[in-house]
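The values are calculated or read from the model by the stated rules, or taken from the named source; none is laboratory data. Predicted model, so just to flag it, every value in this text is computed and none were measured. Glycine also receives a Cβ, built like all others from the backbone with ideal geometry; neighbour counts cover every protein chain displayed. Accessible surface areas use protein heavy atoms only, side chains included; no ligands, DNA or RNA. Shrake-Rupley method; radii C 1.70, N 1.55, O 1.52, S 1.80 Å.
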Amino acid sequence: MDPALIILETVFQLSFWYDLKSNDAILAEEKHVPMYEEMANNPNVEYTAGGATQNSIRVAQWMLQIPGATSYIGCIGKDKFGEEMKKNSKLAGVNVQYYEDESTPTGTCAVCVVGDQRSLVANLSAANCYKSEHLKRPENWALVEKAKYYYIAGFFLTVSPDSIQLVSEHAAAHDKIFMMNLSAPFICEFYKDAQEKFLPYMDFLFGNETEARTFSKVHGWETENVEEIALSLSRWPKASGTHKRIVVITQGADPVVVAEDGEVKKFPVILLPKDKIVDTNGAGDAFVGGFLSQLVQEKSIEDCVRAGCYAANVIIQRPGCTYPEKPDFN
């Protein structure tokens with residue numbers, strides 16, 4: 001469940017013209033609107049079905065190689081991009097149940113790549129129009145009841161917090177696993193109250209080092225030490241005592257930090273020569289997807305992290321959040 005977006009990806013220097021920051025994710029402002037047409041007119045532009053959660057679910061589905069093992073709910077418009085989204089997601093083997101908005105176009109996200117770093121500018125459009133009434137429909141709520149694991153990116157806090165509340169409370173009441181992601185520094189800054197509201201329900205919390213440090217700054221923790229921040233997040237009070245909270249923070253080429261049971265463990269990532277990195281777009285989403293693919297099989301945290309690192313490693317060697325036909329993860 002997340003904003004569903006068509007990704008427009010290109011490789012050229014837009015950062016200066018549109019005041020973008022490396023390795024950042026923002027919502028489009030008026031000054032960014034011309035970017036989408038400019039990118040669409042570029043002969044090197046590529047289109048991918050995306051949105052942070054949808055990326056993670058597609059990667060988890062790819063890793064699992066079991067058709068229909070995953071389901072995804074989001075919002076699209078009734079247009080060519082919406083049709084492309086449905087086609088791509090179904091080809092990926094994901095059971096998609098989109099809410100189709102009659103009057104708003106499918107959301108787009110500009111991915112600007114400079115070197116091996118990306119900057120994301122999301123024009124949510126229909127992705128911003130999801131309604132919890134769609135989630136409550138019997139055929140959709142049946143998917144919620146059937147599932148044992150739930151993952152929602154932090155971006156969805158900007159769209160439908162009442163949907164998050166429905167799912168998180170259901171998970172807590174039925175001893176299921178509920179997971180979210182810090183997703184972006186602006187979520188930690190401007191959606192602080194909503195993030196705090198749902199943090200007690202989170203059994204797993206994902207993020208990267210920039211997001212973790214922003215969370216720490218916003219909450220006045222006076223530390224930039226990622227291990228300390230992860231520990232503090234893991235100790236945040238929980239709504240249900242059934243499951244402990246495990247916090248997983250990625251740090252690019254540096255080790256993955258996992259805070260669990262009052263302890264921190266660090267896991268090395270798979271290092272690549274710079275010339276093999278195509279772009280880092282979708283790496284964090286892919287890490288979560290790989291992690292989830294093992295978690296739902298009740299594998300160890302070490303195996304989950306290893307799968308996450310593998311998936312991220314595959315994705316950064318390809319344009320956008322794309323992957324070969326089958327994984328070779330053992």
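Quick notes on this structure:
- Flag if A110 is of a type outside the set (K, R), modelled with pLDDT under 85 and under 30 Å from P273 (Cβ atoms): yes
- In segment 182-201, residue farthest from D24 (Cα to Cα) [restricted to those that are in contact with a helix residue (DSSP H, G or I) (Cβ under 7 Å, 6 or more places away or on another chain) and open to solvent by 20 Å² or more (accessible area, probe 1.4 Å)]: Y201
- Residues of segment 263-306 satisfying the condition of being of a type in the set (A, V, I, L, M), part of a loop (DSSP other than H, G, I, E, B) and either farther than 28 Å from K21 by Cα or in contact with an Asp or Glu (Cβ under 6 Å, 6 or more places away or on another chain) (or both): I277, V296
- Residues located in segment 141-152, provided they are in a helix (DSSP H, G or I) and surrounded by fewer than 17 Cβ atoms within 10 Å (Cβ to Cβ): W141, A142, L143, E145, K146
- Looking across V167, V159, V96, V121, one residue alone is open to solvent by 20 Å² or more (accessible area, probe 1.4 Å) and touching a helix residue (DSSP H, G or I) at 6+ places or on another chain (Cβ under 8 Å). It is V159.
- Filtering segment 291-303 to residues that are surrounded by 24 or more Cβ atoms within 10 Å (Cβ to Cβ) and under 18 Å from D254 (Cβ atoms) leaves only F291.
- In summary, S216 fulfils each of the numbered conditions (1) of a type in the set (S, T, Y); (2) outside any loop (DSSP other than H, G, I, E, B); (3) open to solvent by 70 Å² or more (accessible area, probe 1.4 Å) with the single exception of condition (3).
- Within segment 263-290, the set of residues being in contact with a helix residue (DSSP H, G or I) (Cβ under 7 Å, 6 or more places away or on another chain) and either β-branched (V, I, T) or surrounded by fewer than 16 Cβ atoms within 10 Å (Cβ to Cβ) (or both) comprises V264, V269, I270, L272, V288.
- Members of segment 108-143 that are under 25 Å from K176 (Cβ atoms) and within 19 Å of the chain's Cα centre (by Cα): Y130
- Filter result for L27 (within 24 Å of the chain's Cα centre (by Cα), modelled with pLDDT of 80 or more and either open to solvent by 30 Å² or more (accessible area, probe 1.4 Å) or within 24 Å of G207 (Cβ to Cβ) (or both)): yes
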